[in-house]
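Single-structure report; data block below.
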Amino acid sequence: MRTATKISSLHAGQVLRAEGILTPEQLEEVQADATASGERVADVILARGLATEYDLAKALVHQLSLPYLSAKQYGSPKDVKTILPAATLYQHKVLPLDVFGDVLLIATYSDLDPQAVADIEAETGKRLAFVITQKAELEALLNERYPPEDLGKQVASRLDQLFGS
């Protein structure tokens, strides 16, 4: 099974329920809150303190049979930084780590919806492989490698490309 299918097959709440970390009632409440707020299920779980980042990472690794990797310890090549725009990375909360031929290795702390996976594959022309990391680490690396002030410049540049100056 491709890792892209694995990462989009179960959402974080279902994984934590399967691991016995969430009760069915908690899962139902979290899903309702996530739907109402538009947030990811994983973010609602973490914000409510129902699981730690470590619990979430461990559960995803176990249930989805994906590897865990400390993204900050991975020496990403410089050219991987330009493979996706920062806006896409922040939107989907993913971090590109490496490219191996036609495969793009991406770190995430949660599941991704199938449309996000398809969009990233279409945008890069690469098949995706995933590793699990912790949320705080991923966010710190996103902010370090793709500073938020650069994000505004990228969005403006993209709008100029689409609609002219």
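The values are calculated or read from the model by the stated rules, or taken from the named source; none is laboratory data. These numbers come from a predicted model, not from an experiment. Note that we place each Cβ from the backbone using ideal geometry, even for glycine, and neighbour counts take in every protein chain shown.
Can we say V117 is among the aliphatic types (A, V, I, L, M) and touching a helix residue (DSSP H, G or I) at 6+ places or on another chain (Cβ under 7 Å)?
On the way: among the aliphatic types (A, V, I, L, M): yes; touching a helix residue (DSSP H, G or I) at 6+ places or on another chain (Cβ under 7 Å): yes.
Spelling it out, V117 is indeed among the aliphatic types (A, V, I, L, M) and touching a helix residue (DSSP H, G or I) at 6+ places or on another chain (Cβ under 7 Å).
For segment 33-46, give me the residue count where each residue is under 19 Å from V94 (Cβ atoms) and assigned to a helix (DSSP H, G or I).
Within segment 33-46, residues that are under 19 Å from V94 (Cβ atoms) and assigned to a helix (DSSP H, G or I) number 7.
Is there any pair linking a residue in segment 125-137 that is more than 10 Å from L69 (Cβ to Cβ) to one that is of a type outside the set (F, W, Y) and in a strand (DSSP E or B), with Cβ under 6 Å and at least six apart or on different chains, and which?
From residues that are more than 10 Å from L69 (Cβ to Cβ), the pairs are K126/L104; R127/V103; L128/L104; L128/I106; A129/V103; A129/L105.
Of the numbered conditions (1) modelled with pLDDT under 90; (2) surrounded by fewer than 16 Cβ atoms within 10 Å (Cβ to Cβ), A12 fails exactly one; give the number of that condition.
(2)
Which pairs turn up if I take residues in segment 74-88 that are within 11 Å of I106 (Cβ to Cβ) and look for partners that are part of a loop (DSSP other than H, G, I, E, B) with beta carbon separation below 8 Å, at least 6 apart in sequence or on another chain?
Close Cβ pairs (under 8 Å, with a partner that is part of a loop (DSSP other than H, G, I, E, B)) amount to I83/K126.
For segment 14-21, state whether one or more residues are in the same structural domain as P148 (by TED's automatic domain parsing) and without any contact (Cβ under 8 Å) to a residue 12 or more places away in the chain.
no
Condition (residue is β-branched (V, I, T) and under 15 Å from the mean Cα position of the chain (by Cα)) applied to segment 75-82: is it met by at least one residue?
no
Table: residues versus (1) within 25 Å of A122 (Cβ to Cβ); (2) assigned by TED's automatic domain parsing to the domain that holds D119; (3) surrounded by 18 or more Cβ atoms within 10 Å (Cβ to Cβ).
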site	(1), (2), (3)
S37	no, no, no
L46	no, no, yes
D55	no, no, no
G75	no, yes, no
K78	yes, yes, no
T82	yes, yes, no
A87	yes, yes, no
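Of all residues in segment 89-108, how many are small (G, A, S) and surrounded by fewer than 21 Cβ atoms within 10 Å (Cβ to Cβ)?
The qualifying residues number 1.
Give segment 1-32 a look and list any residue that's more than 30 Å from R127 (Cβ to Cβ), in a helix (DSSP H, G or I) and not aliphatic (A, V, I, L, M), or say none.
Listed by number, the residues that qualify are P24, E25, Q26, E28, E29.
Can you say whether A136 is small (G, A, S) and in contact with a His (Cβ under 6 Å, 6 or more places away or on another chain), as far as the supplied structure shows?
no
With the condition kept exactly as written, say whether any residue in segment 74-84 is at pLDDT 90 or above and over 14 Å from L138 (Cα atoms).
Yes, segment 74-84 contains a residue that is at pLDDT 90 or above and over 14 Å from L138 (Cα atoms).
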